[in-house]
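One structure is given below, represented as structure tokens, and several questions about it will come after.
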């Protein structure tokens, strides 16, 4: 039989470890519990090093199974509190003493195979826990401002390559360099054929919001989109804080900015150089009309409704980006418009719910009652965006005066009908409960 070279063995080991990283959190926890229950390991010289000083919790029902840790704010710093103590451990096996015990015959022959299997699992568990901890430390390091404010505008561009470079610089004791594929397996795991559910890992932010690890790896384009939205709607937080004459004046001044003017502001105020065409492309991807149309008194979509960015209408996209709070949501076609009586728009549905994440998951499920949405999802690539309402809101410039999200949905729905001449294609029933909607001129 041909002998493996050290390089070949290392490559195979990396492949096995990469596959181990893809295991869903619940299954991974079961593996840890199984190893720790082993009576064989109790006879080995093992030292446990804890990655975080914060005390971990062990209640399985305290968090969703995909949550691995909480980021806790203490003054100006942050700490990582794992939801399960097994995620917080690195197992250090005294190799020399273990070999001595084996040589002395401390383990029966029937135990050797099980012992080697457990030792392999311990090494993989330790490596995965340590890698996860460095990813979380990197998120805290690079996205600290966002974690402090909870405002997405404070997100900075962060790629997996950049995080890998940072980890390799910071971690002095690594026996081998961290590679990008390992980070990808944890941050953006691919669903295997035949597997059920999603293997994405998430954390609880200091604000209490759950976010997937992938959320913190924002591209430069995503950050630029948020800045463009901020420039066009500099007082978007008035939905929660109310409006005054100064805010209204500022809104009216910025609402008509052209793509060229936005480009100049990005350069002068943020040091970001974009072409006019790129600014226009980003604006269109956010569903914001041109300056000419905004100045012509268009009604839908109102910028003051403060829609989020657009995200893929997939299970992964919903779990990673939709909040578990009440609000309004909108479905849109990607790179295609629907012809309505008064013009074209990619919008196909407007809805509201007490839990956006749950409702969107229901729409994606097999038991979804809206056949029109099912048809679009089957044949077209779609996106979603949302307006979150965590508390009753005061009136805004667009006169969305209702206190509940149902009332907000009704008013946005009527704005859409007034703008395009008919209801969105997939809205079978109007928010008022009547079938269809007759547009009144």
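Values in this text are rule-based calculations from the coordinates and carry no lab data. Since this is a predicted model, take the numbers as computed values, not measurements. When we count neighbours, we look across all protein chains shown, and the Cβ atoms used for this are built from the backbone with ideal geometry, even at glycine.
Mind giving me the nanometre distance, one decimal, between the label points for residue 264 and residue 99, set 7 Å out from Cα along Cα→Cβ?
7.3 nm
May I ask you to list the residues of segment 31-48 whose amide nitrogen lies under 13 Å from a point 7 Å from Cα along the Cα→beta-carbon direction of residue 106?
Under 13 Å, as judged by backbone N against the label point of residue 106, lie 40-47 of segment 31-48.
Now a separate question. Just rank 408, 253, 263, 366, fewest to most, by other beta-carbon atoms within 10 angstrom.
Exposure proxy ranking, most exposed first: 366, 253, 263, 408.
Would you please calculate the Kirkwood hydrodynamic radius of segment 6-214 over all C-alpha pairs and express it in Å, rounded to one decimal?
18.6 Å
Starting from the Cα of residue 324, step 7 Å along the direction of its Cβ; do the same at residue 285; then give the gap between the two resulting points in nm.
2.9 nm
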